[in-house]
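Working notes, structure below.
All of the numbers you see were taken from the coordinates with simple rules; none came from a lab. Predicted, not measured: the structure shown is a model, and the values here were computed from it. Quick reminder, even Gly has a Cβ in these numbers, built from the backbone with ideal geometry, and neighbours come from all protein chains shown.
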Amino acid sequence: MHKFWTFISIVVALTGCNDATISKDGIVVLGHAGSGFPSVNNHYPTNSKLSITQALLSQGADGVEVDIQITADSQIVLYHDRKLESGTNDTGYISQKTWAELQTVSRRDGQTTIYNDVGLWRLCDLFKYIDSLQLDVFLFLNIQNQYEVSDQKSYNRLLENALSKALGKYSNLSKTIVETRDHDCIVKLKFLEKVMGFKLFFTAPITDENIDKTGLYVSGFVVNYLDETSATIQKAKDAGFEIALYGVKIRQDISPAIKFEPDYIQTDNIPLTLSYLGR
C-alpha cells in the first residue's frame, strides 16, 4: 500500500548480469559505500571506483550503497563525510567547491595512505561505469545532510534538480533506491519517483510517527539494525514497507541482522556476509 522518498542516501544495489544472483532467502547484499569503510578487509577509499569495483567484481556483492553530495556548480559527487580532509588531501567542503577544483583532489583511505591516482567520482561516472560493464544493478543513493550549508532548503533543491538530470540518463531506475533522512526532501522527490520509476526510502527509526508522517511517500525504511527489534521490523513489513539494514560492520553483526530477514543488508564485510547466507 506504500509504494511511493539530508544527506540523500543513494543506494543502488548492483547485481551482476553474469553470475550474481540474490540468495534464496531474498536478502540483497550491498557493499557499504562501495566495499565498506577502511578495515583489514577494505583498503580502498570509500565511494571510490576502486572500492565499488572490488565490491561488485571481486567480492560478489549484489550491489552497493553510495553517498552523494553536490558541488557549488551542481555536480553530484560520491563522498560520505562533511569535510574533505577526512578522506582526501584537500580541505573544506564539497558544497563550497566547483568540480574543476575537486578534480585535482586525491583520495585517502581514512588513515594516512594517499592514493594519488584515485580522485573523487561523480554519480554520472558511476552510471556510465555500470552501463559499460552491462551490470543489472540495485543502487542505493544516500543523500547526505550538509550542516555547513546556511540554507539547507536551497541546497536540497539544487541537489534534487541535479539528481533528476542524472537519473534521467541512467538505464536501470527500477533497481535504484534513493534514501534520505529529510522529510521535506522526501515529499519533493516523490513526484520524481512516480515519474521516473526509482524507489524512495526513509532513513529513520521505525516508529508510528515516522510511518504515519512519511509512509505515503516511501517504499521502505533504511535503519540501523541495532536500533530495531523483531517487532518494529515486522510492523513495517506488515504495513508493506521494504527494509534495508545498516550497521553491519564486523562478524558479530551479521547473524543478528540476518535474523531480522530484511530485504537488503548494507555491510562492511561483503565476503563474510555472503558466507553467512550460504553463498
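For this structure, a couple of remarks:
- Note on K165: aspartates and glutamates with a C-alpha under 19 Å away, same-chain residues under 8 apart excluded, are D67, D73, D125, D131, E179, E193.
- Mean-position separation - Cα centroids, region 200-279 and region 150-176, in angstrom: 24
- Separation in nanometres of the label points that stand 7 Å from Cα toward Cβ, at K194 and S58: 4.4
- With N as its number of residues, region 46-105 has a Cα radius of gyration that, divided by 2.2 N^0.38 Å, comes to 1.22.
- Percentage of interatomic Cα-Cα distances in the chain larger than 34 Å: 12
- Helix-only CD estimate at 222 nm, as mean residue ellipticity for the chain, using -39500 (n - 2.57) per DSSP H run (n ≥ 4): -8000 deg cm²/dmol
- For the listed residue pairs K83/K128; K190/K213; K49/K169; K83/K199; K49/K153; K169/K194, the alpha carbons are over 22 angstrom apart in K83/K128; K83/K199; K49/K153.
- Share, in percent, of DSSP beta bridges within region 8-256 that are antiparallel, nearest 5: 45
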